[in-house]
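Engineer: Could you have a look at this structure, given as structure tokens, before my questions?
The values are calculated or read from the model by the stated rules, or taken from the named source; none is laboratory data. Keep in mind it's a predicted model, so treat the numbers as computed, not measured. Virtual Cβ from ideal backbone geometry, glycine too; neighbours counted across all protein chains shown.
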């Protein structure tokens, strides 16, 4: 069940790249750091709305939150917020496929960080990572370039790897659903505070308000925002927080490599990319790598690794 839940989670994230790309490339506010402010605005909208829906769905759980839940929720939410900011800022200047590629590098940093920390990962798992990573490289063949969007997306992957590790560390031994509302609240609050600070400092608050009102007056924008709130935000992060702690972090990370495959499929559907041979080969290699890694986990090995996967 945890593996299936995380696969569904990556499918939800896959659609978010095309939706975020549409938001970031429609119109940017005529203010300094326009791409950053636009991205912060999207986070500031989707996270509080997801929190509202989560609260309506799980009122007893939200009402039972205690001060001790703030630490795990905040420690997972902070790197997620910073990664989101870099990801959305980068999407103003790159394609969904390139953003998905660099974002998915977070899955590669996780075992490397574990290796530095002295944690053993079996050769079979490394082999699966190798095959899947080669698929990532092939997936964006012909689309390689390094610009502001790519550098920001690269930074986002580093931060997201720490979010995966934080959930592994703080999610063990507790109901992951108690992390979710705090995570949504932290992300929404930080985004709104930074928007106010940036616009107030630059004297552009009224311009931002006018831009936001114009964006939200568009029916297609509201529909895409609703999709982002319900699918990649509410659904995916609820599944992630509930089920990732039931697996080892490196096993969850390899499953997250499915994200760019789903992202590509949705990007083709939305017309942001054109299908070519390297995409098919890359997608197949990623699927083979993920399947290989799953097969590398024998029942005994899975139990041993996932029992000891909590970071010390």
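Engineer: Only one residue in 208, 223 is on the phi < 0 side of the Ramachandran plot and without any contact (Cβ under 8 Å) to a residue 40 or more places away in the chain, so which one is that?
Structural biologist: Result: 223 is the single residue among 208, 223 that is on the phi < 0 side of the Ramachandran plot and without any contact (Cβ under 8 Å) to a residue 40 or more places away in the chain.
Engineer: State whether one or more residues within region 59-71 are in a helix (DSSP H, G or I) and either in contact with a strand residue (DSSP E or B) (Cβ under 8 Å, 6 or more places away or on another chain) or crowded, with 20+ Cβ neighbours inside 10 Å (or both).
Structural biologist: No: region 59-71 contains no residue that is in a helix (DSSP H, G or I) and either in contact with a strand residue (DSSP E or B) (Cβ under 8 Å, 6 or more places away or on another chain) or crowded, with 20+ Cβ neighbours inside 10 Å (or both).
Engineer: How about region 253-312: which of its residues are at pLDDT 75 or above and farther than 30 Å from residue 22 by Cβ?
Structural biologist: Matches in region 253-312: 288, 291.
Engineer: Take the residues in region 110-125 that are assigned to a helix (DSSP H, G or I), closer than 21 Å to residue 162 by Cβ and touching a helix residue (DSSP H, G or I) at 6+ places or on another chain (Cβ under 8 Å); name whichever of them is modelled with the lowest pLDDT.
Structural biologist: 125
Engineer: Which members of region 126-172 meet the condition of being outside any helix (DSSP H, G or I) and modelled with pLDDT under 80?
Structural biologist: Selection gives 140, 141, 142, 143, 144, 145, 146, 147.
Engineer: Might you check whether a residue that is at pLDDT 85 or above and surrounded by fewer than 23 Cβ atoms within 10 Å (Cβ to Cβ) occurs anywhere in region 85-104?
Structural biologist: Yes, region 85-104 has at least one match.
Engineer: Collect the residues in region 204-223 that are exposed (fewer than 13 other Cβ atoms within 10 Å of the Cβ) and outside any helix (DSSP H, G or I), keeping them in residue-number order.
Structural biologist: If the condition is that a residue be exposed (fewer than 13 other Cβ atoms within 10 Å of the Cβ) and outside any helix (DSSP H, G or I), then 217 is the only one that fits.
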